[in-house]
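Chemist: Below you'll find the structure I mean.
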Amino acid sequence: MGDLRYDPRLEAELEKRIGLVAEADHLTEPLDRRDYLTLLIVTVALPVVMLLAGWWWL
Amino acid sequence: MSTLDEGARAAVEGSWPVLPRERTWGSVALLGVCVSASVATWIFITGGFVAFYLPAGQGAITMIAGSLFGILLIILALLRVTTRYGIDSVAASTPQLGTRGSYFALALTYCSVIGWNTLLLVFLGRAAAEILISTGVAGEGARQPLIVVFGLLGVVAAWMILRGGPARMRNIAPAIAAGVVVLAVVLLIALITNVGWDTIADAPALAPAESQLFNYVTGFELLVASMLSWWPYVGGTVRLAPGTKTALWPTVLGLGLAISLLSMIGLFAALAVPESGGDPTTYLVEVGGLWLGLPALAFIILANVATTMVGVYVSALALKQIPTLQTRLSWNAATALTLAPVVIVLLLAPNWVFDNFGTFLAFIGVVFAPLCGIQIMDYVVFRKHTLDLRAVFLGRRGDAYHYWAGFNPAGFAGLLAGAGTYIYLLDPILFVSRTPYEYLSASLPSALVAGIVYGLITKFVIMPAGLGGYSSPVMTDPRQASLPPSRLKEEVSEPTPP
């Protein structure tokens with residue numbers, strides 16, 4: 001989305017904003033191993049079991 | 001919005017990264033926005049479409065599985081990077097497609113949202129027309145003109161409400177969501193009371209194919225593709241949540257699970273009232289009588305306006321990514337520009353999306369599955385969920401994401417390979433499949449092939465050419481993204497605090 005032609009005031013504002021976002025990176029709650037594991041159980045393992053069960057028993 | 005300064009307003013209403021202190025949507029608000037967006041009347045159409053292929057039990061299972069698989073693709077592709085940097089989906093596609101190539105993602109967003117909004121507003125028009133016809137205010141012959149007129153009124157209502165900015169959307173979304181869930185439950189009870197659960201459970205699929213395996217996988221594929229159409233919406237909404245953990249489960253539950261559970265009502269209704277195709281406006285009064293049907297139809301109108309607003313919000317954000325529009329186009333003009341094509345479709349071909357819903361869904365899969373595939377490969381494998389914000393928003397010739405003339409060939413090769421894979425496996429127009437569609441579906445292999453092609457070209461062409469910012473310090477420490485080269489050198493040489 002680059003190649004911007006901002007006026008200098010807006011470009012300075014955007015630079016400042018980008019800096020603040022990058023500095024606050026530690027506040028953005030990255031997912032840990034447990035989150036990913038739970039996510040995979042809910043969105044992969046559970047649906048696969050359901051699909052197999054639905055195919056064999058229904 | 002009144003408390004925000006000019007920069008914050010530009011960021012929230014525009015495409016700039018949202019600062020953590022401006023990300024005010026907690027889990028409940030985000031869940032409300034996700035649920036209110038997901039449980040509009042398209043759940044009835046989607047569920048009704050599955051009823052063509054599958055009966056109640058298998059349909060319900062494939063819908064839940066498809067929704068959860070679909071939302072996983074979007075979460076892996078987008079969730080971390082959009083919540084980490086406060087950017088929307090189109091901006092997040094810049095590292096994969098290039099500074100100019102990301103306009104392709106913008107075009108996809110625009111087209112997808114136009115399609116869904118047209119569907120919603122025609123639905124709104126149908127609900128309003130049904131109210132007037134059921135109460136004898138208008139005759140049956142006025143149905144089609146009424147659909148168009150009320151659809152247009154819906155456009156005006158959505159635009160007027162969005163004049164208050166995205167905060168207005170956040171404030172009313174949870175109430176709308178709760179109401180839609182209540183409506184869905186009441187509908188289910190009315191259906192079971194009037195038709196009987198046994199009738200619904202034993203009803204055969206409406207128009208199944210010969211191959212039972214094809215029917216089963218198609219039920220799954222329809223929900224995966226339907227879920228992939230949330231690609232533009234997810235970035236636009238989760239960027240206003242304070243962190244990835246906060247956004248994770250509202251996204252999974254509010255989009256993935258809610259859509260599948262509530263689409264089941266569309267499935268059950270289509271099986272119980274086969275001629276409805278899952279469209280509640282055709283059977284609400286018949287099943288529930290005037291006392292239930294009219295308030296429910298009125299509520300559908302309200303809910304569809306709310307959902308249309310979310311679509312307009314994300315596509316207006318995407319429009320404001322275009323540099324010439326970023327500062328010259330006001331928020332109100334951006335939302336109007338987003339709604340303008342919907343008005344044209346409503347006037348010229350109001351039933352087009354309805355009549356071609358399966359093809360519309362398949363095309364969503366054709367374009368968004370590969371896009372998710374290349375983003376997952378790039379963000380999860382190569383970039384570890386980091387990007388260079390300066391290169392995304394201020395990038396110029398020679399910067400990380402300029403690649404060649406602003407386009408990343410790896411991204412477009414991946415998209416082409418993924419789209420080709422999808423079309424080979426499932427013809428989106430004729431709905432004819434080829435092996436191994438019956439075992440793998442179409443969206444998942446399409447995303448996989450796109451990701452592999454992207455990964456190979458990136459590894460053997462882009463990285464050796466020194467493009468894409470893969471060797472930059474920003475890849476290991478996102479804090480450096482904001483710093484000019486001289487300051488970067490100082491920061492890197494400073495000892496790390498304990």
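Chemist: Is it the case, given these coordinates, that B:ALA419 is surrounded by fewer than 24 Cβ atoms within 10 Å (Cβ to Cβ) and without any contact (Cβ under 8 Å) to a residue 60 or more places away in the chain? So that I can check it myself, show each step before the final result.
Modeler: Numbers: surrounded by fewer than 24 Cβ atoms within 10 Å (Cβ to Cβ): yes; without any contact (Cβ under 8 Å) to a residue 60 or more places away in the chain: yes.
When the stated conditions are applied, B:ALA419 passes them.
Chemist: With respect to B:PRO204, determine if the residue is modelled with pLDDT of 90 or more, over 20 Å from B:SER441 (Cβ atoms) and open to solvent by 20 Å² or more (accessible area, probe 1.4 Å).
Modeler: Yes, satisfied.
Chemist: Name the residue, out of B:THR218, B:THR199, B:THR193, that is more than 30 Å from B:SER433 (Cα to Cα) and in contact (Cβ under 8 Å) with a residue 40 or more places away in the chain.
Modeler: Values: B:THR218 fails: more than 30 Å from B:SER433 (Cα to Cα); B:THR193 fails: in contact (Cβ under 8 Å) with a residue 40 or more places away in the chain.
The unique qualifying residue is B:THR199.
Chemist: Sticking with this structure for a sec: Among the residues of the stretch B:33-57, how many are within 14 Å of chain A (Cβ to nearest Cβ) and either under 24 Å from B:THR308 (Cα atoms) or open to solvent by less than 10 Å² (accessible area, probe 1.4 Å) (or both)?
Modeler: Total satisfying the criteria: 3.
This table checks each residue for (1) more than 10 Å from chain A (Cβ to nearest Cβ); (2) buried (at least 24 other Cβ atoms within 10 Å of the Cβ); (3) in contact with a helix residue (DSSP H, G or I) (Cβ under 6 Å, 6 or more places away or on another chain).
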| position | (1), (2), (3) |
| --- | --- |
| B:VAL392 | no, yes, yes |
| B:GLY398 | yes, no, no |
| B:ASN408 | yes, yes, yes |
| B:TYR424 | yes, no, no |
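Chemist: May I ask you to list the residues in the stretch B:237-263 that are more than 10 Å from every other protein chain (Cβ to nearest Cβ), aliphatic (A, V, I, L, M) and not in a helix (DSSP H, G or I)?
Modeler: Across the stretch B:237-263, the qualifying residue is only B:LEU240.
Chemist: Kindly list the number of the only condition in (1) closer than 29 Å to B:THR41 by Cβ; (2) open to solvent by 10 Å² or more (accessible area, probe 1.4 Å); (3) among the hydroxyl-bearing types (Ser, Thr, Tyr) that fails for B:TYR103.
Modeler: (1)
Chemist: Moving on. Where in the stretch B:1-107 are there helices (runs of 4 or more DSSP H), lying wholly inside it, with at least 1 residues that are under 19 Å from B:TRP331 (Cα atoms) and modelled with pLDDT under 95? Don't jump to the end; show me each part of the working.
Modeler: Details: elements: B:6-13, B:27-38, B:42-50, B:56-74, B:80-85, B:89-92, B:94-97.
By residue number, B:6-13, B:89-92.
Chemist: So which residues in the stretch B:76-90 are more than 7 Å from chain A (Cβ to nearest Cβ) and open to solvent by 10 Å² or more (accessible area, probe 1.4 Å)?
Modeler: B:LEU76
Chemist: Scan the stretch B:267-291 and report the pairs whose first residue is part of a helix (DSSP H, G or I) and whose second residue is basic (Lys, Arg), with Cβ atoms within less than 9 Å and a gap of 6+ or a chain change.
Modeler: B:THR281/B:ARG126; B:THR282/B:ARG126
Chemist: Turning to a different aspect of this structure: Does B:THR281 satisfy being more than 30 Å from B:TRP25 (Cβ to Cβ) and touching a helix residue (DSSP H, G or I) at 6+ places or on another chain (Cβ under 9 Å)?
Modeler: Against the criterion (more than 30 Å from B:TRP25 (Cβ to Cβ) and touching a helix residue (DSSP H, G or I) at 6+ places or on another chain (Cβ under 9 Å)), B:THR281 qualifies.
Chemist: Within the stretch B:370-387, track down each residue that is closer than 19 Å to B:TYR85 by Cβ and open to solvent by less than 30 Å² (accessible area, probe 1.4 Å).
Modeler: B:LEU371, B:CYS372, B:ILE374, B:GLN375, B:ASP378, B:TYR379, B:ARG383, B:THR386, B:LEU387
Chemist: Go through the residues of the stretch B:218-234 one by one and say whether even a single one is over 30 Å from B:ILE87 (Cα atoms), in a helix (DSSP H, G or I) and open to solvent by 10 Å² or more (accessible area, probe 1.4 Å).
Modeler: yes
Chemist: Oh, and also: Going by the conditions given, is B:LEU255 open to solvent by less than 10 Å² (accessible area, probe 1.4 Å), more than 30 Å from B:SER93 (Cα to Cα) and in contact (Cβ under 8 Å) with a residue 12 or more places away in the chain? Lay out the reasoning, then the answer.
Modeler: Numbers: open to solvent by less than 10 Å² (accessible area, probe 1.4 Å): yes; more than 30 Å from B:SER93 (Cα to Cα): no; in contact (Cβ under 8 Å) with a residue 12 or more places away in the chain: yes.
So B:LEU255 fails the test.
Chemist: Within the stretch A:40-56, is even one residue more than 8 Å from chain B (Cβ to nearest Cβ), among the hydroxyl-bearing types (Ser, Thr, Tyr) and over 20 Å from B:VAL392 (Cβ atoms)?
Modeler: No, the conditions are met nowhere in the stretch A:40-56.
Chemist: Hey, another quick one. Would you confirm whether any residue within the stretch A:27-36 is modelled with pLDDT of 85 or more, in a helix (DSSP H, G or I) and either at the interface with chain B (Cβ under 7 Å from one of its Cβ atoms) or under 30 Å from B:GLY57 (Cα atoms) (or both)? Spell out how you get there, then give the answer.
Modeler: Residues of the stretch A:27-36 modelled with pLDDT of 85 or more: A:28-36.
Remaining after also requiring in a helix (DSSP H, G or I): A:33-36.
With the extra rule that they be either at the interface with chain B (Cβ under 7 Å from one of its Cβ atoms) or under 30 Å from B:GLY57 (Cα atoms) (or both), the set shrinks to A:35-36.
Yes, because at least one residue in the stretch A:27-36 is modelled with pLDDT of 85 or more, in a helix (DSSP H, G or I) and either at the interface with chain B (Cβ under 7 Å from one of its Cβ atoms) or under 30 Å from B:GLY57 (Cα atoms) (or both).
The values are calculated or read from the model by the stated rules, or taken from the named source; none is laboratory data. Worth saying up front: this structure is predicted, and the values here are computed from it rather than measured. Here Cβ is always computed from backbone atoms with ideal geometry, including for glycine, and neighbour counts include all displayed protein chains. Remember, those area values only see protein heavy atoms, side chains included, never the ligands or the DNA or RNA. Shrake-Rupley method; radii C 1.70, N 1.55, O 1.52, S 1.80 Å.
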